[in-house]
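The values are calculated or read from the model by the stated rules, or taken from the named source; none is laboratory data. It should be emphasised that the depicted structure is a prediction, and the values quoted were computed from it without experimental measurement. Every residue, glycine as well, gets a Cβ built from its backbone with ideal geometry; the counts of neighbours run over all protein chains shown. The area values use the complete protein model at the heavy-atom level, side chains included, leaving out ligands, DNA and RNA. Shrake-Rupley method; radii C 1.70, N 1.55, O 1.52, S 1.80 Å.
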Amino acid sequence: MYHHPATALEAGAQSICAVNKNTAFDGVGTVAQQPYFHPIRRRDLLAAVNTAAKDLGLRPASVVVIDALLSCLPCKDPKTGIDNPITPLTLLTVYAANATLCFRAKGITDRQLRRHLETLENVGLITRKDSANGKRFPIQRSGKVIGAFGIDLSPLLARSAEIIDLAQQRRDDAAELRGMRCCIQSLRMACLGLDVDKEVTSFLDNIRNVLRRATTTVIEARAIIFKLKGIIADNCAVKKPDQTSNETTVDVP
């Protein structure tokens, strides 16, 4: 006999309640349990996560899994199809099956998905709302989803403001670093025209390798600029005594 999913779920919930009303839905994810956060659009949150991925301890493949999870949130307006912002009233527990998540995560395998979910849990971006049998499914009432067992994105949304700020800091650092690279190149060319020792020559040669690295930081760039300016200043200080000694002294009567 075919049972309507909503009816079957409610019947199952009622049978659990009959056993123990206090623990019927222990572990289920509901809106009432979710933290407060400022509404944010999925694409903006994903862009911030992608920019701040290294700071969050994530690899690109794990970011793709976050994209897949976010795509399962009920944010689309049913009439217009436009993506509405995620709000504290959006159910954040994803109950999509692994097959669906694998498909939305660019076709990764089930094993890869499980590994990335473990990573996301370890870095504190998701929690699991497991049912008794480990399955993910919604809890419905009168045809409306009121809760779910599955993957809870509450930790991610609770940190959304922090992640947005972190991503902006990374973009600011990248912009500052681009300007510093140009400054370093200019100072390096000026130093190459000076009479310097082998140690300084080796340092100037190594700068090219440092600038090519994608991992070069603002702090490293500032240190290089400081040293290059020091080389130029030291060279000017050496030349000044030579120049004064060659000047002709004129006696004033």
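Answer yes or no as to whether M189 is surrounded by 13 or more Cβ atoms within 10 Å (Cβ to Cβ), among the aliphatic types (A, V, I, L, M) and farther than 30 Å from A32 by Cα. Give the steps one after another, and end with the answer.
Numbers: surrounded by 13 or more Cβ atoms within 10 Å (Cβ to Cβ): no; among the aliphatic types (A, V, I, L, M): yes; farther than 30 Å from A32 by Cα: yes.
No; evaluated as a whole, the condition is false for this residue.
What pairs come out if I take residues in segment 199-219 that are over 14 Å from R181 (Cβ atoms) and pair them with residues that are of a type in the set (K, R) whose C-beta lies under 7 Å away, six or more apart or interchain?
Every condition considered, the pairs that remain are L204/R188.
Looking at this structure, is V19 buried (at least 17 other Cβ atoms within 10 Å of the Cβ) and modelled with pLDDT under 95? I'd like the intermediate steps shown before the answer.
On the way: buried (at least 17 other Cβ atoms within 10 Å of the Cβ): no; modelled with pLDDT under 95: yes.
In short, no.
Give me the residue from segment 147-164 that is small (G, A, S) and open to solvent by less than 50 Å² (accessible area, probe 1.4 Å) and, out of that set, nearest to P85 (Cα to Cα).
If we filter segment 147-164 for residues that are small (G, A, S), which is where we start, we get 147-148, 150, 154, 158, 160-161.
Remaining after also requiring open to solvent by less than 50 Å² (accessible area, probe 1.4 Å): 147-148, 150, 154, 160.
Working: G147: 19, A148: 20, G150: 21, S154: 15, S160: 13 Å.
Checking each candidate, the answer is S160.
Taking segment 130-141 as the search range and keeping residues that are open to solvent by 50 Å² or more (accessible area, probe 1.4 Å) and not in a loop (DSSP other than H, G, I, E, B), which one is nearest to A68 (Cα to Cα)?
F137
Given the structure, is K144 surrounded by fewer than 16 Cβ atoms within 10 Å (Cβ to Cβ) and of a type in the set (D, E, K, R)?
On the way: surrounded by fewer than 16 Cβ atoms within 10 Å (Cβ to Cβ): yes; of a type in the set (D, E, K, R): yes.
Taking the combined requirement at face value, the residue satisfies it.
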